Amino acid sequence: MLALLSATTLALVAGAPWMLLAAAGEKNLQPPENIEVYITDDNFTLKWNSRIETIENVTFSAVYQIPEVDDWMKLPGCQHIVVNKCHFSPLSSDVYEEVKLRIRAEKGNDSSSWSEVYSFIPFEEAQIGPPKVHLEAEDKTITIHISPPGTVDNVMWSLDVSAFTYSLVIWKNSSNVEERIETVHPGDKIYKLSPETTYCLKVRAKLHLYNKNGSYSPVYCINTTAENKLPAPENLEISADNENYILKWDYAYVNATFQVQWFHGFLKVIRGTNLHKWQQIPNCEHIKTTYCIFPRKRLSKGIYYLRVQASNGNSTSFWSEEKKLNTGIYIVIPPPVISMKSINDSLRVYVNAEEGSVKQPYPLIYEIIFWENSSNVERKFLKEKKDFTIDNLQPLTVYCVKGRAHFVGEQLNKSSIFSNTVCEKTKPGNSYKIWVIAGICIAGVFILFTMYIMKTLLRCFNYVFFPSLKPPSNIDKYFSEQPLKNLLLLTSEEQIERCFIIENTNTNTVMKETNQIDEDHKKYNSQTSQDSGNYSNEDENSGSKTSEELLQLETESPEMNS
């Protein structure tokens, strides 16, 4: 029994080093490091580094967490991986939300601690993969069909499929020199190639909005066919007037007829083939002229493509090179109609559209050139409003204005021709009115002063040459009775003194008394008026009256005597 225990003890001691190493290895499992995620389209690749690659039977497992869920979940395709990478698909339809990952090493029932959390946003890390390409040869052209990167139901680019643009590099197979680089859309044609020649090309996709450039597709090669007997029309050019578009082209053959078709530009960026969406332009079918005129109103605002095909009997050419029509480039801006109205020392300018012109759907800016009619110095300014005022002008001055309209866009600058010149004379300003009022006041004061001077001179003239008939005030105040005042008034002509001879003695007595009274009266008058030098005729009138009384007494006396 003792021997058996001793043997067992020896066996345990001999095996102890191995058991200790195994235990130490399990306790020393280190978590992965340098975690990285690589994304191309919908393909996710998780990579990491590990320090325990020498230990056998070690695997790795990853878990993830998204904002909607608090728990960590197993990452599909990345459980018990024996290598340092794994592949998985998008974890959510929202490629713009943050995803967190972590990894640990495992061996049997033992595992390391979790690695540091690695966070990323799928769309920011994603790279654009190569597109799928299919080619068709036609005469001297190659039609290129392109499928966007990723699968049909991809998640990463589901919102940006229509935003992809494609860059193409093409060269002749006989030469390794890259011939030219073009931007193309699915279904586009590559023109101006040589017939019966092998061309090779490669394509890559771009998202300019996010500054993402994809990887190139594999190289595809194709042979162009023999040249067609009836060539396609060439050198398509588009012009426009106020109402119509005019499409012109060159064609060397006579007795050919043509047809013109148009295509919506936005259909080129829609996934799938839209070759059947070409439409015939009315009045441009089976025409013999090398131009086509169609109304502008038929095409709304946007981008279109036009193409022309020639026919001669039973022979038909291939379609011409497509011509891009951007309706914004071919807008025709008519010159504005300008009118002016004078307001004091300012001019009110009105800008209107030409009568009968098409209403412009674009905002316009008006360039106004303004000058004084007697001067060549011009003032130029830009206005967005259709009516404005030009202030601080000289009164009673003729000013002239002309203008033109501008459309300024991101990709287009367009201008009209100048309008007719309009001239207008300014009215008197406020300062002129002040001067007029001041002049009127000064003239009024001058007239009043002149009238006063004239009146004063007239009074002096009348005083000297036409004196007043009224006696001076120092004399007039002594006469309170009107009869006495009239005694000193001058007569217009000299009165003739009347004398009478009365023989009757009685009458003589009366006459004597009367004469004595008259003499006393004259004596009094002569004393009171000796300073004036003028003599009144009242005494004559009184004397005449007294004589009449005496005559009456004389007449009555004989009657009394008898």
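The values are calculated or read from the model by the stated rules, or taken from the named source; none is laboratory data. All figures in this text were calculated on a predicted structure; none of them were measured in a lab. Counting neighbours? That spans all protein chains shown, and the Cβs are built from the backbone with ideal geometry, glycine included. SASA here: full protein model, heavy atoms, side chains in, ligands and nucleic acids out. Shrake-Rupley method; radii C 1.70, N 1.55, O 1.52, S 1.80 Å.
Quick notes on this one:
- Residue check for Ile181: open to solvent by 20 Å² or more (accessible area, probe 1.4 Å) and aliphatic (A, V, I, L, M): yes
- Filtered by the rule that a residue be part of a loop (DSSP other than H, G, I, E, B) and surrounded by fewer than 14 Cβ atoms within 10 Å (Cβ to Cβ), the range 103-115 gives Gly108, Asn109, Ser113.
- Criterion: more than 26 Å from Asp153 (Cα to Cα) and either out of contact with any Phe, Trp or Tyr (no Cβ under 8 Å at 6 or more places or on another chain) or of a type in the set (Val, Ile, Thr) (or both) - qualifying residue of Ile66, Ile52: Ile52
- Any chance Pro76 is closer than 12 Å to Pro122 by Cβ and either touching a residue at least 60 places away in the same chain (Cβ under 8 Å) or surrounded by 13 or more Cβ atoms within 10 Å (Cβ to Cβ) (or both): no
- Among strands (runs of 3 or more DSSP E) entirely within the range 42-98, having at least 3 residues that are under 15 Å from Leu29 (Cβ atoms) singles out 59-65.
- Residue match in the range 109-127 (condition: under 47 Å from the mean Cα position of the chain (by Cα) and among the β-branched types (Val, Ile, Thr)): yes
- Number of the exception - Ala126 against (1) small (Gly, Ala, Ser); (2) open to solvent by less than 40 Å² (accessible area, probe 1.4 Å); (3) modelled with pLDDT under 90: (3)
- Per-region count, the range 184-226, residues part of a loop (DSSP other than H, G, I, E, B) and of a type in the set (Ser, Thr, Tyr): 8
- The range 343-354, residues that are surrounded by fewer than 18 Cβ atoms within 10 Å (Cβ to Cβ) and touching a strand residue (DSSP E or B) at 6+ places or on another chain (Cβ under 8 Å): Ile343, Ser346, Arg348, Tyr350, Asn352, Ala353, Glu354
- Residue check for Thr59: open to solvent by less than 60 Å² (accessible area, probe 1.4 Å) and hydroxyl-bearing (Ser, Thr, Tyr): yes
- Residues in the range 316-342 that are closer than 23 Å to Tyr245 by Cβ, surrounded by 14 or more Cβ atoms within 10 Å (Cβ to Cβ) and of a type outside the set (Val, Ile, Thr): Ser317, Trp319, Ser320, Glu321, Glu322, Lys323, Leu325, Asn326, Gly328, Tyr330, Pro334, Pro335.
- Residues that are in contact with a Leu (Cβ under 6 Å, 6 or more places away or on another chain), of a type outside the set (Val, Ile, Thr), assigned to a loop (DSSP other than H, G, I, E, B) and surrounded by fewer than 18 Cβ atoms within 10 Å (Cβ to Cβ) are absent from the range 307-315.
- Enumeration of residues in the range 388-404 that are at pLDDT 90 or above and either under 13 Å from the mean Cα position of the chain (by Cα) or open to solvent by 30 Å² or more (accessible area, probe 1.4 Å) (or both): Thr389, Val398, Lys402, Arg404
- Each residue in the range 389-422 was checked for being without any contact (Cβ under 8 Å) to a residue 60 or more places away in the chain, farther than 13 Å from Pro363 by Cα, touching a Phe, Trp or Tyr at 6+ places or on another chain (Cβ under 9 Å) and of a type outside the set (Val, Ile, Thr), and 5 pass.
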